[in-house]
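Worksheet: the structure to be examined is printed underneath.
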Amino acid sequence: MSQAPRTRWAGMRGWASQVGAATLRDQRPARQTGLVAAVTAVALATVAIYFLRRVAPVVSLSVVYLPAVLLISTYWGFGLGLLTSLLSAAAFNFFHLPPTGGFTIVDGRNWVALAAFTIVALVASTIAELARSRALEAERRRAEADLAATLAHELLLGVDTGTALASAARRVAEALGLASAAIEQGTVAPDPRRQALALHGVDGQPVATLLVPAQLPPETEERLRTQVVPTLDALVAIAHRRDVMQSELVETAALRRSDDIKTALLRTVSHDLRTPLTAVVAAGHALGADSLTDQERTELSSAVVEEGTRLAGLVDNLLALSRLQAGSATPRSDWVSIEDLLSAAAEGLRGEPVDVRVTIDPDVPEIRADAAQLERAFANLLENAGRYGGGGPIVVHARRAGRAGSQVVVSVVDQGPGIDSAEQERIFEPFYRGRTANSRMWTGSGLGLAIVKGFVEANGGSISVQSLPGQGTSFQVSLPVAERTGSEIAAGAAGQSS
């Protein structure tokens, strides 16, 4: 077969498929339209016979009415098909069978034609109705499969189960043509306007409730209970199990993290606490000896004070970290001066004297924060810079930055060896000590920067680090600038006048 006939044949098949689909659609055209179509088709067939009488006997031309009977029966069912067959028989008898102009049927063959019309109408309408019902059932099953796939996508791939349930309920309402639908977690009691259908979990216990209008067409309610609810049952059970597993995963990760912290804490207690305690106890025993000179007693006394101060700082750090991790380090905010905070932090440094050079821009305002927490944070930053700064000066600069001066940025810069980029992401972790600390045999606990980060963030700020190996390190603390209320401005003015 050549390409052109094959193309025409494919086009005819496509046209026939479209006609068949239109014929078997689930809703028939209006009955009034069918009545008009029946009368019109019978009239056209009657007129056509007048032209065909010249080429064929009149008795054999009754078949001209069969397409009209077949068409009407297929589109509008047996009732109108039977009416069309009666009209065809009557028109054929009145206009074409002798004696014409009357309804007298003399020849028995005319009764055969009428019976044939009736049988054709019955068979055509029955076959069309069966095909229509099967097509409708296939369409419903396809719609239910599409709905199940959509619900699976919404419930199983959604991150938030509450949002996924709301979206799934909307899909159910659209698919069934409901005025409203909702899926709520837990058990919900029905009310006069809504009926409640329980959705069960893996263990058979209700985990959610489908709420639909109380009055539904019987066909819609049956479809809802037999098709939609079982699908929702399975999907909601899987989604609920997924939430439980995610919760268990988060809890497991938290427990693992807690175990890591406990392990690190035990290591710290076993080493960092034991070392100063051992030194204090040894120095205390030595101080009791009668053979010590005054210089030796002074040295031992200084060692006791130094190790005791170190031990006190370590205990303070552990307590501060425990409060931060427990969420109990709530700041007691008040208006504080950045200059006062930095001065107090520099004066309270422990250990060897450090050269701290502080500069503050004139437009830096007071901030609203917890003075004790921020003083502790800046003191830890200065101590950290003093340890790793290589003995050089520590430059501290405070300035106003951000859009419309919405932040105060405090930079703490040392002249030390710097921090590798791989370590910059970890230096704020509790108990982490970088390679530089290990190479210098520093015996700190690795809590200082973690406490700095915790206190700064508790006061609404943030901290970052910039460093290049061999070029020093710069820590930048950004703190928000708050606007004073009218009462605070009035109180401040009254305080200045007094």
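A short reminder: the numbers here are calculations on the coordinates, not readings from a lab. Keep in mind that this is a model prediction, so the values were computed, not measured. Heads up, the Cβs are rebuilt from the backbone with ideal geometry, glycines too, and the neighbour counts pull from every protein chain shown.
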Distance in nm between pseudo-label sites at SER333 and THR278 (7 Å out along the Cβ direction from Cα) = 4.7
Expressed in nm to one decimal, what extension gain is obtained for the pair ALA189 and ARG31 from 0.36 nm per residue of sequence separation less their Cα-Cα distance?
-> 52.4 nm
If you keep only loop residues by DSSP, which trypsin sites (Lys or Arg not before Pro) in segment 166-236 have at most 16 other Cβ atoms within 10 Å of their Cβ?
-> ARG193
Once phi for every residue in segment 330-340 is put through the Karplus expression 6.51 cos²θ - 1.76 cosθ + 1.60 (θ = phi - 60°), the whole-Hz ³J(HN,Hα) values, with Gly and Pro written as x, are 6, x, 9, 6, 7, 6, 10, 9, 4, 4, 5
Report the calculated FRET efficiency for ASP361 and ARG403 (r = Cβ-Cβ distance, R0 = 30 Å), to the nearest 0.05.
-> 0.95
Around ILE360, which amide H atoms from residues at least 5 apart in sequence, or from another chain, sit under 5 Å from its own amide H, with H modelled in the peptide plane?
-> ALA398
Cβ-defined net charge surrounding SER301, 12 Å radius [Lys, Arg +1; Asp, Glu -1] | -4
Considering only the other residues whose Cβ falls under 11 Å of the Cβ of ASP363, what net charge follows from Lys and Arg at +1 and Asp and Glu at -1?
-> +1
